[in-house]
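Worksheet: one structure, shown below.
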Amino acid sequence: NKSRPENMTILRFKVLLKPESSSSSVHRCLSTLSFEYRIRRSQSKGRPQSDHEPQPHFALSPRLSPSPRRFVSSSAACFNKGEDNRHKLTIGFASLSNSLPFGQDDLVGDTEISPQTTIMINALRSGVRKFDCPAPPMIESNKQALMANADSDTCWTANRKSEDQLAISMKEVESILSKEEGSLDGEVGTMTISTRMGYRSAVVLTHGNNPQANTDSHEREGLFKGDARVGMLYAGEKGEGNAEEKPPVVLVHNLSKEYVLHSLRTSPLVQQRGEMMSGKKTRLIPLAHNPETQISAHLLSNHNQSDGELLLKEARDYMKARLTSAFVGFEIAVQEGLIDGYGVDSNGLSLPDAHDMHLSWRDVLECSLDALLEVNDEKSGVRRSSLKAIRLPCNLLETRGLEVANEINSVYGAHCTTSEEGLPPGADDQTESNVPQMQRLRTMRNLLPERIEVQATRPLTAYPFGGTGVDVNSSPGLASSPPPLRSSQPGNVDGQAIDATHPLRLLDYRIEAASAGQEPTLLWSNDYLNRYGIRPVAYQPILNAVLSHFDAEEIIEASRERELTVEERETLDGCKLLHGLIHDLDASLDSMRSFAAYEEYLLKKAVPLIYGTFEELDEDSANMLQLFLRVHGMAVRMEVAKWTRHILSAPDEEFAKTKIAASLTKLGFDEFNGGYRIPHNTTLQEYALMSLLEVDAVDGVVLGCSQPDHVLDACNVADAA
């Protein structure tokens, strides 16, 4: 940059060229990398960003982007590792865990590595050292494979799949960094790995089965005290003739001491703990996952009890007993050197006190205290609880999590510790019923942890009704499947549901934009909206073209002169069906609220309907229909992002405020009572993440990253916060 020599920087890229790579794709790759670095550098220096420079990538939708950009950062010089906010980031792999196995691997030298490994390498080189292992991928997402290949260790393998993959990635990271010239020896530091424990797939064995016949029997349903069945994953098959009987598989939740110790002693991550990163220690922090599930299980198993208030009290006491048992197992594991501490990851922490599934952070402290007292003995001496972390949902719409974080921060903030003087005066309210509980915690202050880290989960995903998807007035402890909330506007196309299955995503999406004679580029939906309007430029011309293509005008003209053949009548009926489908899709655009619900509608209803109507489509018809669905998908993304930004906004007009508040209440987000001034040139995900990173009461944010470059973009946001 000759005009600004002080900003000149030498960039060194390591680019993998595959045989099929074209010169244009390589040029686009290098251009994108250099443009993004210029943007990051200009933002860090406070220089205004050019309208013509592309926005940095962050949380790309896998279905929206073309082939994902896979690359491993090979130079630490491109990152400002001293930025304070990067230590708040915990990188999760939830979206990756749903695909078994992972997709296409990358190459580093002659070595194939998984996307998970690439993400970890980028994170470590960017100064991010915390990773979250996904919960075990449930068999329900792989039913077909289970039905065809169910064997004696199906559940055993599924329950350890995520940990196994992460353990493999940790080995690959160590191997790659140790071989590279100028590796980050001494810079990576100690990694922290968190895992979630509670749910498992369990086979249902009858009394006629030999309990020692297979590996799955070691985790069968009912083996551990407190097993609570929460779902059916596979109904099983009866053996006919010489066929072997396949037992049912259920989803079980358990927080007993016995199950915790069994899981940790057979964990692939525990087996590798302390051996990674060239001898550097790896901290392992397991988390009790959704303890409030035990409340629901107790309510369901005792639903005939007439006194509902007493039943709820008993259910919460039962949950506390289960959580204490899990904490006992964790404390024993700390003594045995299996783990470095433990925590809780709970949706119930963000629910109001009156909710059936509410979990109080004070109960978490008290359970950890009871567990420590049970495990402590004279030989071990007096020590503090090993409770390290409390995780709870928190985002721009689910704001109760921030209130809870502030309460915990009043006790465990940067300037508050459980000192000899006891808990801070603000920790208990004399008007609240928790006074006796807080008095006990104050008395036992020397046994409580010195500090607890509060971490926010789901920063970009908001579920209605406090994260449950179920209205508090519909007895959530007993409800089975809540009805979806839909827009009041007419239309028979899904894409309007916001519920437990289709949450509200705080995202802007990537939209294709192209000028005449140029290759298409990708713009964020907010940028596209500001430049081109609320619909993709190509949408209306393509809509007109596809309607014209399927108008069957020739067949209609022929019907006026002669009787149509069977094939012609079938074609005419098919064209009418497609016309109606396309009209419905077009008419529903203004009421689209969930891109996930829209995708589900296409996959489960629209596409099967098309395949069921036509034996086959000619190439022109297939291409035309595919082109329309592609541009319509972009239009849906535009509408969903625009509507999401609208309900998050803070309008000046009182009428508009009232209307937005009514919409949020209907959707189940009545806890959100204020709006945000979101800059039009900032994506929703950047704003949502930055807002959490700037909250002092939040010590960390758990962010799911499905592509390696998402880590870099998260770091970019952290640096700007």
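Couplings for the stretch 313-320, taken from phi via the Karplus curve 6.51 cos²θ - 1.76 cosθ + 1.60 with θ = phi - 60°, read 5, 4, 5, 5, 5, 5, 4, 4 Hz in order; Gly and Pro are left as x.
Quick check on the stretch 228-366: take the gyration tensor over C-alpha atoms, sort the square-rooted eigenvalues as a ≥ b ≥ c, and tell me if it's rounded (a/c under 1.5), prolate or oblate. Please report the intermediate quantities before stating the final value.
On the way: a/c = 2.62, a/b = 1.10, b/c = 2.38.
It comes out oblate by the Cα gyration axes.
Computed over Cα pairs, the Kirkwood radius of the stretch 606-654 leads via Stokes-Einstein (1.306 mPa s, 10 °C) to a diffusion coefficient of 117 µm² per second.
For the ranges 255-262, 575-582, what's the packing order if you count other beta-carbon atoms within 10 Å of each residue, average per peptide, and put the highest first? Walk me through the intermediate numbers first.
Details: 255-262: 21.1, 575-582: 17.1.
Order by mean packing, descending: 255-262, 575-582.
Given a 1.4 Å probe, how much area per residue of the stretch 241-362 is accessible, in Å²? Averaged over the residues of the stretch 241-362, the accessible area is 38 Å².
Considering only 507, 556, 592, the residue lying farthest towards the positive end of the dipole of the stretch 500-616 is 507, judged by Cα position with unit charges set on Cβ. Sorted on the mean count of surrounding Cβ atoms within 10 Å across their residues, most packed first, peptides 333-339, 161-167, 612-618 read 161-167, 333-339, 612-618.
Determine the alpha carbon to alpha carbon distance for each of 179/281; 313/666; 238/604; 161/604 and list only those over 23 Å.
Values: 179/281 19 Å; 313/666 30 Å; 238/604 29 Å; 161/604 28 Å.
Result: 313/666; 238/604; 161/604 exceed 23 Å.
Close amide H contacts of residue 339 (hydrogens built in the peptide plane, cut-off under 5 Å, sequence separation of 5 or more or a different chain): 334.
A 1.4 Å probe run over the stretch 517-671, with the rest of the protein chains in place, finds 55 Å² accessible per residue. Computed log10 I(q)/I(0) for the stretch 505-631 at 0.10, 0.18, 0.22 Å⁻¹: -0.41, -1.10, -1.42, from the Debye equation with unit scatterers placed on every C-alpha and solvent omitted.
The values are calculated or read from the model by the stated rules, or taken from the named source; none is laboratory data. Every value quoted in this text rests on a predicted model; they were computed, and no experiment measured them. Virtual Cβ from ideal backbone geometry, glycine too; neighbours counted across all protein chains shown. Surface accessibility is based on the protein's heavy atoms, side chains included, excluding ligands, DNA and RNA. Shrake-Rupley method; radii C 1.70, N 1.55, O 1.52, S 1.80 Å.
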